[in-house]
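Have a look at the structure below before the remarks.
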Amino acid sequence: MTNVVFFTDSTKLPEAFSFFPLKSFAGKKVPLKLHMGEKNNPYFVKPELVKQIVAELKKAQVTPFLYDTTVAYHASRSTKKGYQQVAKLHGFTKQNIGCDVVIDETGVPTVIEGRTYEVADHLKEATHIFALTHVKGHIQTGMGGAIKNFGMGGVTKETKNTIHDGSYPVYHQDVCTYCGVCADACPFHAITVNADWKYSEKKCFGCGACVDSCPAQALTFKDADLQFLLACSAKACLQGKTVLYLNELKRIAKGCDCDPNAGPIICPDIGYLLSDDPVAIDKASIDLIHTIKENVFEQINKINPMKQIIYAEQLGLGTSAYELIKI
C-alpha cells in the first residue's frame, strides 16, 4: 500500500516533502514535468505554486528545470519557440520561477506491450523526475491526472498522433444489429443509426465509449483503448525512474488545460496530493473528488476515467491501494 499525503494549504509543502525524502534527488538535474497551459486557458497550474516547489527542490540540492513537450494539434505550443512564448506569457520564465524552461520535440523509441513510444529526450535521459499535475476533466479520457501527464505529455507529437489514431473505432457491419446504443453513448455525436450505420471521423475523438457500449461487439478499436495506450505510454516514460508526483485538485474544470474553453468548473477546490506512485495518486484524486461530486467526470464527459488507472495498475506502473495521510 502506497502513502498519499493530502494537504489543503501549499504552505504545508515542506511537511509533505518530509514523507518522501529527496536524498536520491540531490545533485541531479531533474525535469519538473508540468503543463504550462494553452493560450486563454485560465485553469493551468500557477507560477506561484511552481516557485514554491522549485524552492523546496533547491533546498534538497536539486537542480530542477520546468519541462514539457510540443503538442500534436495546430497551436502556438506545437513548436518549441511557440511553446516558450506561451510559457513566458503565463509567467514560466527563469527570471520569475528561478530555473530553466525546457521544451522537447524529439524522442527515443521505447517498446511497451509490443508498441513503440518515442519518449521525449530529457525524460528518457533523466533518472529522477518531479511531476506536477493539474487534475481536471478531459473530453477523451474523462479525467486528466498524473498518468495522462506522461502518457500524452511525455512523448513526441508523432507518438501522440499514433496513440490517438489507434483508438478510433472499426465497424463490423456483419454483426451490427442497428440498435443505436453506440450513437447514444457517443459524447461527440459522431455516430448516427437509422436504417444504416453512419460515422464521422471528423467528429470522433477516439474516446472508446461506442466500443465499450456495443452489445453486439460490432465495434472494435483500430489498435486499442485510448486509456490503455496512454497507460503504456506513461510506462515507457516512467519505468526505471525515481519520480515524485504532486497533483493539484483546484480549478477542476470540465476540460483540459489544452482547451481555451475548458470550463465550467465542475468541482470545488480540494487541495493537493503528494505521492511516489502515479496510480495511487490518480486513484486518490478521483476518490476525493467523488466524495464531493460523485462520478462527476463520467457524468460530465460521458467517459469512465477509472480505465486508465486499471490499465496502469495491470501494466505494473503502480498500485491503486493507498493510505491517505492528512496533514
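The values are calculated or read from the model by the stated rules, or taken from the named source; none is laboratory data. The structure presented is a predicted model; accordingly, all values stated were derived computationally and were not measured. Using ideal geometry, Cβ is built from the backbone for each residue, glycine included, and neighbour counts are taken over all protein chains shown. For accessibility, only protein heavy atoms count, side chains too; no ligands or nucleic acids. Shrake-Rupley method; radii C 1.70, N 1.55, O 1.52, S 1.80 Å.
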If you filter region 104-151 for trypsin sites (Lys or Arg not before Pro), then keep DSSP loop positions with at most 15 other Cβ within 10 Å, what is left?
none
Can you find, among ILE163, ALA236, ALA209, the residue sitting farthest towards the positive end of the charge dipole of region 151-252, where Lys and Arg contribute +1 and Asp and Glu -1 at Cβ?
ALA236
Computed magnitude of the charge dipole of the chain (debye, nearest 20; Cβ of K, R +1, Cβ of D, E -1):
1020 debye
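Can you compute the equivalent ellipsoid semi-axes for region 239-327, i.e. the square root of 5 times each eigenvalue of the Cα gyration tensor, sorted largest first and rounded to whole Å? Don't skip to the end; give the middle numbers.
Working: eigenvalues 100, 47, 36 Å².
The equivalent ellipsoid of region 239-327 has semi-axes of 22, 15, 13 Å.
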Restraint check, LYS23/LYS58; LYS136/LYS202; LYS39/LYS326; LYS12/LYS124, Cα-Cα greater than 23 Å
LYS136/LYS202; LYS39/LYS326; LYS12/LYS124
Sticking to Cα atoms, compute the Rg of region 16-173 to one decimal and its Dmax as the biggest Cα-Cα distance, whole number, in Å.
16.4, 62
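What ranking do 166-174, 233-241, 44-52 get when scored by the average of other Cβ atoms within 10 Å per residue, highest first?
233-241, 44-52, 166-174
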Spelling out what I want: for every residue of region 308-315, take phi, set θ = phi - 60°, compute 6.51 cos²θ - 1.76 cosθ + 1.60 (Karplus), and round to whole Hz; glycine and proline get x.
5, 6, 4, 4, 4, 5, 4, 7
In Å³ and rounded to a whole number, note down the convex hull volume per residue for the Cα atoms of the chain.
123 Å³
If the convex hull of the alpha-carbon atoms of region 180-277 is projected onto planes in all directions, what is the mean projected area in square nanometres?
8.9 nm²
Carbon plus sulfur fraction of accessible area for the chain, probe 1.4 Å, in percent:
50 percent
Among the aspartates and glutamates, select those whose C-alpha is under 14 Å from the C-alpha of LYS293, and discard any that sit fewer than 8 residues away in the same chain.
ASP269
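Using a 1.4 angstrom probe, figure out how much accessible area the chain has per residue, in square angstrom, rounded to the nearest whole.
Accessible area per residue, the chain: 42 Å².
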Expressed to one decimal in nm², the mean projection of the alpha carbon convex hull of region 72-140 is 6.6 nm²
Measure off 7 Å from each Cα along the Cα-to-Cβ vector at SER18 and GLU323, then give the distance between these two points in nanometres to one decimal.
1.7 nm
I'm checking a number: the convex hull volume of the Cα atoms of region 158-223, normalised per residue, in Å³. What is it?
74 Å³
Taking LYS59 as the anchor, which aspartates and glutamates have their alpha carbon closer than 18 Å to its alpha carbon, excluding any fewer than eight residues away along the same chain?
GLU15, GLU48, ASP100
Region 34-87: radius of gyration over Cα atoms, expressed as a fraction of 2.2 N^0.38 Å
1.28
